[in-house]
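Asks: Following this message is one structure expressed as structure tokens.
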Amino acid sequence: MYPSRFRYEAPRSLGEAIEALRDGGDYAKVLAGGQSLVPLMKLRFASPDLVVDINNVPGLDYHRADPDGTLRIGALCRHADLERSALLKDTQPTMAMAAPLIADPIVRTRGTLVGSLCHADPQGDWASVLTALGGSVVAQGPAGKRTIPLDGFVTGPFENLLAPDEIAVEALVPPARGKRAGGYLKLERRVGDFATVGVAVALEMSGDTVTRAGIGLTGVGGSTIAATEAAAALAGQPLAADVIERAADLAAAAARPRTDHRGSAEYKRHMVRTFVVRLLRRTDLTAERAA
Amino acid sequence: MTIVYDDLDGQEAADVPMRRIRFSINGRKKVAEVEPRLLLSHLIRRGLGLTGTHMGCDTTNCGACTVLVDGRPVKSCTMLAVQADGHEISTVEGLASASELHPLQEGFKEEHGLQCGFCTPGMMMAAKALLDENPDPTEEDVRWALSGNLCRCTGYQNIVKSVLWAADKLRAEG
């Protein structure tokens, strides 16, 4: 299969890339890892007139923490970089658990976290993880940079808030005020399949008490779902059995699953509940072991 | 390299955007003129005539087309040929020397790691990337590294054994 014909630019700086997008006409796409865009182009679900390949733009392949703890993930940071990251392992349990579950090991060589956020697939894992963490996307255009919180960034299935001449240059995760806990669980039929259900839980703890909670749901709605009521039920609470059960019920209620070849709506909703319980109990156990 | 354009019913070939790229394949430097929509897998198979890289699903699932780009495994059906500009590509043809099979190839032979053989080049290249990074993998490491490659014949058991065989041999060779 071939993509339909397109013009190709491989700029060497962000400025040139933004210029190319601005001059690019009605339908230009930014190519980073290409692990979603290229398949879509081959299937002719996407037929851009112009492809702006940013792989030659230096200085975008980083992930690092600012002195205040803000995590920054550049547009060319690959899933494989995050999977191998000591920084994530030490400071970001939810992301560290999600990274090895993205697609398959070969796709992870090229695919990027920021690209995954932009692609805005309701079954994309990173959007749920960063939603749970209260993350955001930094977009750069001719007028400069702006920071867009993730829950507003994804506007629907495969749709985001970027203007045609803007590039998502990095993703941000705000610093934790307490000790981070949480994780990501994904039900998939086999490695590399899209998530049947995915649940991201991101907690900040002070002793036994949850000081901040975020829960993101993958694959159970028209776009990534922030289970805000479930998260609110955890805030200020210890991770006691009744608190966990209540949060799991609320997360399941927030899911909007549909029956398809991956499972019935009822099954998927049940799995959301199960995953929330598992993640919160796991957090509980981890805390106990550490203490 | 000969280039044959599609007859575009009036849209002249001159309108087709072409780009010149320089890259290396199995250690040999090459220059190619490619249309941006050409996939890396097509450049390898048709442009370079290296048909050891197989096209299986053409949808980023099966891993049969796996090659190494700068030493890292990539599904060549999911990368544009123009993106190979300035990079080093390795395919299954680059494994063996003139007189000797690569230990991975020997391993697949010794441990019956293939039946129809279609997935084998992709399996070997994914395994090569693993062994380059981790010369002493556990069985679990091998299964993990090959989890992006599908085989419909073997049930994977002998493929895993083949890679472990190769790892032993490579370590013994030092």
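The values are calculated or read from the model by the stated rules, or taken from the named source; none is laboratory data. Just so it is clear, the structure is predicted and the values come from calculations on it, not from any experiment. As a convention, Cβ positions derive from the backbone with ideal geometry for all residues, glycine included, and neighbour counts pool all protein chains shown.
Asks: Count, please, the residues in the stretch B:31-62 that happen to be in a loop (DSSP other than H, G, I, E, B), closer than 13 Å to B:S76 by Cα, of a type outside the set (G, A, S) and more than 13 Å from chain A (Cβ to nearest Cβ).
Replies: Here the count works out to 4.
Asks: Can you tell me which residue among A:R258, A:R269 is more than 30 Å from B:R143 (Cα to Cα), crowded, with 16+ Cβ neighbours inside 10 Å and not small (G, A, S)?
Replies: Answer to the selection: A:R269.
Asks: Here's something else I'd like to know. Looking at A:R258, A:R246, which is the one that is outside the structural domain of A:T131 (by TED's automatic domain parsing) and either in a loop (DSSP other than H, G, I, E, B) or touching an Asp or Glu at 6+ places or on another chain (Cβ under 9 Å) (or both)?
Replies: Every option except A:R258 fails the conditions.
Asks: Still on this structure, I have one more. Would you confirm, using the coordinates I've provided, whether B:G63 is in the same structural domain as B:E33 (by TED's automatic domain parsing), touching a residue at least 40 places away in the same chain (Cβ under 8 Å) and buried (at least 19 other Cβ atoms within 10 Å of the Cβ)?
Replies: Spelling it out, B:G63 is indeed in the same structural domain as B:E33 (by TED's automatic domain parsing), touching a residue at least 40 places away in the same chain (Cβ under 8 Å) and buried (at least 19 other Cβ atoms within 10 Å of the Cβ).
Asks: Identify the residue in the stretch A:154-192 that is within 14 Å of chain B (Cβ to nearest Cβ) and either touching a Lys or Arg at 6+ places or on another chain (Cβ under 8 Å) or outside any loop (DSSP other than H, G, I, E, B) (or both) and, among all such residues, is farthest from A:L76 (Cα to Cα).
Replies: First pass over the stretch A:154-192, keeping only residues within 14 Å of chain B (Cβ to nearest Cβ): A:186, A:188-192.
Then drop every residue that is not either touching a Lys or Arg at 6+ places or on another chain (Cβ under 8 Å) or outside any loop (DSSP other than H, G, I, E, B) (or both), which leaves A:186, A:189.
Working: A:K186: 24, A:R189: 28 Å.
Once the filter is applied, the top-ranked residue is A:R189.
Asks: Please go through the stretch B:80-113 and give me each residue that is under 14 Å from the mean Cα position of the chain (by Cα), β-branched (V, I, T) and within 14 Å of chain A (Cβ to nearest Cβ), ordered by number.
Replies: Listed by number, the list holds a single entry, B:I89.
Asks: While we're on this one: Yes or no: the stretch A:118-133 includes at least one residue that is under 10 Å from the mean Cα position of the chain (by Cα), β-branched (V, I, T) and within 17 Å of A:T218 (Cα to Cα).
Replies: Yes; the residues of the stretch A:118-133 include at least one that is under 10 Å from the mean Cα position of the chain (by Cα), β-branched (V, I, T) and within 17 Å of A:T218 (Cα to Cα).
Asks: Looking at the structure I just gave you, is A:K29 facing chain B (nearest Cβ under 9 Å) and modelled with pLDDT of 95 or more?
Replies: no
Residues are listed down the side, and each one gets a yes or a no for (1) of a type in the set (S, T, N, Q); (2) in a helix (DSSP H, G or I); (3) without any contact (Cβ under 8 Å) to a residue 40 or more places away in the chain; (4) surrounded by 24 or more Cβ atoms within 10 Å (Cβ to Cβ):
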position: A:M97; (1), (2), (3), (4): no, yes, no, no
position: A:P100; (1), (2), (3), (4): no, yes, yes, no
position: A:I106; (1), (2), (3), (4): no, yes, yes, yes
position: A:V114; (1), (2), (3), (4): no, yes, no, yes
position: A:A127; (1), (2), (3), (4): no, yes, no, yes
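Asks: List pairs: first in the stretch A:43-68 and within 13 Å of chain B (Cβ to nearest Cβ) and buried (at least 20 other Cβ atoms within 10 Å of the Cβ), second assigned to a strand (DSSP E or B) and among the aromatic types (F, W, Y), Cβ under 6 Å, 6+ apart or cross-chain?
Replies: A:V51/A:Y8
Asks: What is the residue count in the stretch A:6-25 for residues that are out of contact with any strand residue (DSSP E or B) (no Cβ under 8 Å at 6 or more places or on another chain), free of Cβ contacts under 8 Å to residues at least 40 places away in the same chain and part of a loop (DSSP other than H, G, I, E, B)?
Replies: Here the count works out to 1.
Asks: Can you pull out every residue in the stretch A:162-178 that is surrounded by fewer than 17 Cβ atoms within 10 Å (Cβ to Cβ) and farther than 20 Å from A:V57 by Cβ?
Replies: Filtering the stretch A:162-178 for residues surrounded by fewer than 17 Cβ atoms within 10 Å (Cβ to Cβ) gives A:163-164, A:174-175, A:177-178.
Across the stretch A:162-178, the qualifying residues are A:P174, A:P175, A:R177, A:G178.
Asks: Pick from A:V220, A:V199: which is in a loop (DSSP other than H, G, I, E, B), touching a helix residue (DSSP H, G or I) at 6+ places or on another chain (Cβ under 8 Å) and at pLDDT 95 or above?
Replies: The unique qualifying residue is A:V220.
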